[in-house]
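Working notes, structure below.
The values are calculated or read from the model by the stated rules, or taken from the named source; none is laboratory data. All of these numbers come straight from a predicted model, not from anything done at the bench. Cβ coordinates were reconstructed from backbone atoms using ideal geometry, including for glycine residues, and neighbour counts include every protein chain displayed.
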Amino acid sequence: MSEQTMVTLDAAVIQEFAARLRGELLQPGDGGYDAGRAVYNAMIDRRPALIARCADVADVIAAVNLAREHGLTLAVRGGGHSGPGWGTCDDGLVIDLGRMKGIRVDPDARTVRVEGGCTWGEVDHATHAFGLATPSGFISTTGVGGLTLGGGIGYLARACGLTIDNLLEADVVLADGRLVRANADTHPDLFWALRGGGGNFGVVTSFLFRLHPISTVYGGPMLWPIEQTAEVLKFWHDFILAAPEDINGWFGYATVPPAPPFPEPYHHREMCVITWCYTGPLERAAQRFAPIRAAHPPTIDFAGPIPWPALQSMFDALLPAGLQWYWKADFFHTLSDEAIALHAKYALQLPSALSTMHLYPITGAAQRVGRGDTAFSFRDASFAGVIGGIDPDPANNERLIAWAREYWQALHPHSAGGAYVNMIMDEGQEMVQAAYRDNYARLARVKASYDPTNLFHMNTTRPT
Ligand SMILES: Cc1cc2nc3c(=O)[nH]c(=O)nc-3n(C[C@H](O)[C@H](O)[C@H](O)COP(=O)(O)OP(=O)(O)OC[C@H]3O[C@@H](n4cnc5c(N)ncnc54)[C@H](O)[C@@H]3O)c2cc1C
């Protein structure tokens, strides 16, 4: 399939396009262009010719039509959190959905309709007013668009499934400029592909999600010295695989920030962390956590009752936009003693204070969906793992990248053989096929039917 290249546009064509937009058009030299072209990962530095800050569906249709008619490279941006920077491009047109922030909660139907430019923090804010929530991720500044289209792994994966398991329908502007609604009855193939297949099929202008009665949960981090990684990881692995679905917790590493509420003796100390989220009855929480605390008494223990949006945004300030990011990922069925020993080894070699490895459970409700039921294939895996080299200083990039690659190479033979597409860089077709396994062929068929000229090619999962 052909990929678009930059074609120089007539000033009159640009002017006419700008005049049609209710939103705003940015070009090089305009005030706000540099802020407008920046994405979350500061390793990505691209210069689009046009940034259409769309205000509504009509703007999106006009932008898609412009890109198609003039053969422009087209990037679509939701929250801008893509590691490889798929929400921007050199020379072409960026459709920036960041102004499309409409959210409407229906508390009776227990659904929320969310426009394509929202972040998860905005959704949590709106739904929390009704004591309701839908599964998302672990950082509230992440975009609804990209996270959902890749799958969506978060605190509620075990209790309520992945984000896509709670997606009821999506409004999509297709490559030919038509707006369609995809759900289980209308455009079911497209609906199947949107649930894990990435931004390949069109611009999703709104998502409809199912909500759950989740308001105050019992959660937060417990930390242990990093030297205890092997014991704590082994405990967590065995515990979470046997635990009821209302308890979840992801494992990772953290360097303790030098600020309250962290106790001063631990400032700057590298530690391993489990961040918990229990959604069962609060009065039973202390009893449910007693065996955890008894098995491995944490050095620092912040777990307790917490409003859902506060847990969701707890780590936002640690990870602001503008850092250097490089990540590698894999799914895992279980963790062997050998794999745990490798984790313990690389935990002691963190290349920077923000660099980390996370393991997210995807068992329980997420595992009860069949591997062919949505494009997201790894329903048989128990954990999604990501290794992140992260630092503010670009001078450290080589070190971050080398550590992440070496760690991943060592661990990959112990993996399920594929990775979560939302947590990889641009790593080529082999990686994409490994991520989708036997769903890949169907994904390619849906792509050929909805986007035969590959207009939407700026995404990890693009099938060829
Ligand atoms: C700090 C951080 C924390 C994260 N935590 C989690 C987590 O807990 N769980 C998890 O599952 N993932 C997580 N991720 C990964 C995240 O899901 C992906 O980076 C995702 O692609 C981000 O979506 P976005 O809309 O912010 O990104 P963008 O860069 O805007 O978009 C990413 C991709 O999706 C496409 N896209 C976005 N919106 C639309 C739309 N409306 N219509 C069509 N295509 C669209 C873009 O074209 C692009 O290909 C995290 C990422 C970061 C940086």
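Residue count for segment 126-150 under the criterion of being near the ligand (Cβ under 7 Å from one of its atoms) and in a strand (DSSP E or B): the result is 1. Inside segment 259-313, can you point out the residues that are among the aromatic types (F, W, Y) and either at positive phi or in a helix (DSSP H, G or I) (or both)? Selection gives Y266, F289, W308. Looking at the structure I just gave you, is N439 within 15 Å of the ligand (Cβ to nearest atom), farther than 20 Å from P361 by Cβ and in contact with a Lys or Arg (Cβ under 8 Å, 6 or more places away or on another chain)? Against the criterion (within 15 Å of the ligand (Cβ to nearest atom), farther than 20 Å from P361 by Cβ and in contact with a Lys or Arg (Cβ under 8 Å, 6 or more places away or on another chain)), N439 does not qualify.
Restricting attention to strands (runs of 3 or more DSSP E) lying wholly within segment 56-124, give those where 2 or more residues are touching a Lys or Arg at 6+ places or on another chain (Cβ under 9 Å) and over 29 Å from L400 (Cα atoms).
The qualifying strands (runs of 3 or more DSSP E) are 93-96, 103-106, 111-115.
Contact annotation: residue pairs with Cβ atoms under 7 Å, 6 or more positions apart or on different chains, pairing a residue in segment 346-368 that is of a type in the set (A, V, I, L, M, F, W, C) with a partner that is at pLDDT 95 or above and assigned to a loop (DSSP other than H, G, I, E, B), are I362/I153; I362/A381; I362/S382; A365/G161; A365/E245; A366/G161; A366/L162. Away from the ligand (no atom under 16 Å from the Cβ) and assigned to a strand (DSSP E or B): is that true of Y253 in this structure? Taking the combined requirement at face value, the residue does not satisfy it. For segment 86-120, what are the residues that are near the ligand (Cβ under 7 Å from one of its atoms) and more than 15 Å from A52 (Cβ to Cβ)? Residue satisfying the conditions is W86 alone. Look at (1) of a type outside the set (A, V, I, L, M); (2) more than 16 Å from the ligand (Cβ to nearest atom); (3) within 22 Å of V432 (Cβ to Cβ); (4) free of Cβ contacts under 8 Å to residues at least 40 places away in the same chain and you find that R379 fails only one, number (2).
Note on segment 55-84: residues that are out of contact with any Leu (no Cβ under 8 Å at 6 or more places or on another chain) and within 7 Å of the ligand (Cβ to nearest atom) total 3. When only residues in segment 217-275 that are among the charged types (D, E, K, R) and in contact (Cβ under 8 Å) with a residue 12 or more places away in the chain count, which is nearest to G364 (Cα to Cα)? Within segment 217-275, the match that is nearest to G364 (Cα to Cα) is E245. Before we move on, is E406 of a type in the set (D, E), surrounded by fewer than 16 Cβ atoms within 10 Å (Cβ to Cβ) and out of contact with any strand residue (DSSP E or B) (no Cβ under 7 Å at 6 or more places or on another chain)? Against the criterion (of a type in the set (D, E), surrounded by fewer than 16 Cβ atoms within 10 Å (Cβ to Cβ) and out of contact with any strand residue (DSSP E or B) (no Cβ under 7 Å at 6 or more places or on another chain)), E406 qualifies.
Restricting attention to segment 73-91, the residues that are over 22 Å from N422 (Cβ atoms) and either in contact with a helix residue (DSSP H, G or I) (Cβ under 7 Å, 6 or more places away or on another chain) or aromatic (F, W, Y) (or both) add up to 0. Of the helices (runs of 4 or more DSSP H) lying entirely inside segment 363-464, those carrying at least 1 residues that are within 17 Å of G198 (Cα to Cα), among the aromatic types (F, W, Y) and at pLDDT 95 or above are 429-436, 440-450. Here R68, R77 are screened, and the one residue that is surrounded by fewer than 20 Cβ atoms within 10 Å (Cβ to Cβ), within 20 Å of G198 (Cα to Cα), of a type in the set (K, R) and within 29 Å of the chain's Cα centre (by Cα) is R68.
Total residues in segment 270-288 satisfying the condition of being touching a Phe, Trp or Tyr at 6+ places or on another chain (Cβ under 7 Å) and surrounded by fewer than 22 Cβ atoms within 10 Å (Cβ to Cβ): the figure is 4. With the condition kept exactly as written, say whether any residue in segment 383-396 is within 14 Å of the ligand (Cβ to nearest atom), outside the structural domain of G154 (by TED's automatic domain parsing), polar (S, T, N, Q) and in contact with a strand residue (DSSP E or B) (Cβ under 9 Å, 6 or more places away or on another chain). No, the conditions are met nowhere in segment 383-396. Scanning segment 1-56 for residues that are modelled with pLDDT under 95 and β-branched (V, I, T) turns up T5, V7, T8.
When E227 is tested against (1) buried (at least 21 other Cβ atoms within 10 Å of the Cβ); (2) in contact with a Leu (Cβ under 9 Å, 6 or more places away or on another chain); (3) not in a strand (DSSP E or B), just one condition goes unmet, and that condition is (1). Being out of contact with any Pro (no Cβ under 9 Å at 6 or more places or on another chain), closer than 20 Å to T255 by Cβ, outside the structural domain of T142 (by TED's automatic domain parsing) and surrounded by fewer than 18 Cβ atoms within 10 Å (Cβ to Cβ) is the requirement here; does L348 meet it? It is true that L348 is out of contact with any Pro (no Cβ under 9 Å at 6 or more places or on another chain), closer than 20 Å to T255 by Cβ, outside the structural domain of T142 (by TED's automatic domain parsing) and surrounded by fewer than 18 Cβ atoms within 10 Å (Cβ to Cβ).
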